[in-house]
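Working notes, beginning with the structure itself.
All of the numbers you see were taken from the coordinates with simple rules; none came from a lab. All figures in this text were calculated on a predicted structure; none of them were measured in a lab. With ideal geometry, Cβ positions are generated from the backbone for all residues, glycine too; neighbour counts draw on all protein chains shown.
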Amino acid sequence: MNEIMDLSSVFKVLADPTRLAIFNLLMGGVHCNCEIAEKINVPMNLISHHLKVLSKAGLITSFRKENDARWIYYCADPIRISSLRQQLQDFLDKNRMFEREPICPNGKKLK
């Protein structure tokens, strides 16, 4: 059940079109706040909010460069993405599907 809750929380985070657009950018490499705002045409304060949500969900990471710590850079977390990909692959595995005869709660088989 933990896997279902984990997938559900990720789906909720990515259900927002702005967050999905940001995440899509970050899947393509490292970006700073101002680049993201420019590319998806969303104000910087809203970008920050969405980055926080994505970060809290563990989908992205952030870092500062040693030689210039003024800027924060964001990227998709490859370890989390790999784990999520495996969870989703397992969840959508067609081998989980099989023929079965449904049984009503009162114990009678349906025809």
*Roughly speaking, what is the stretch gain from Met1 to Asn106, that is 0.36 nm per residue apart minus the C-alpha to C-alpha distance, in nm to one decimal?*
35.2 nm
*Compute the normalised compactness of the chain: alpha-carbon radius of gyration over 2.2 N^0.38 Å, N being the residue count.*
1.50
*With charges set only on the Cβ (+1 for Lys and Arg, -1 for Asp and Glu), what does the dipole of the chain come to about its Cα centre, in debye to the nearest 20?*
400
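Tell me, what is the FRET efficiency for Ser48 and Asp93 to the nearest 0.05, using R0 = 30 angstrom and their Cβ-Cβ distance as r? Don't skip to the answer; put the middle values down first.
Numbers: r = 37 Å, r/R0 = 1.25.
The value I calculate is 0.20.
If contacts are Cα pairs under 8 angstrom and at least 6 residues apart, what is the relative contact order of the chain in percent?
On the way: 92 pairs, mean separation 25.9, N = 111.
Relative contact order for the chain comes out at 23 percent.
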*Can you pull the one-decimal nm distance between simple spin-label points at Cys75 and Asn24, each 7 Å off the Cα toward Cβ?*
2.2
*Kyte-Doolittle mean at least -1.0 and Cα extent at least 27 Å along the axis: which DSSP H helices of the chain qualify?*
none
_Distance (nanometres) between label positions extended 7 Å along Cα→Cβ at Gln86 and Cys34_ = 4.0
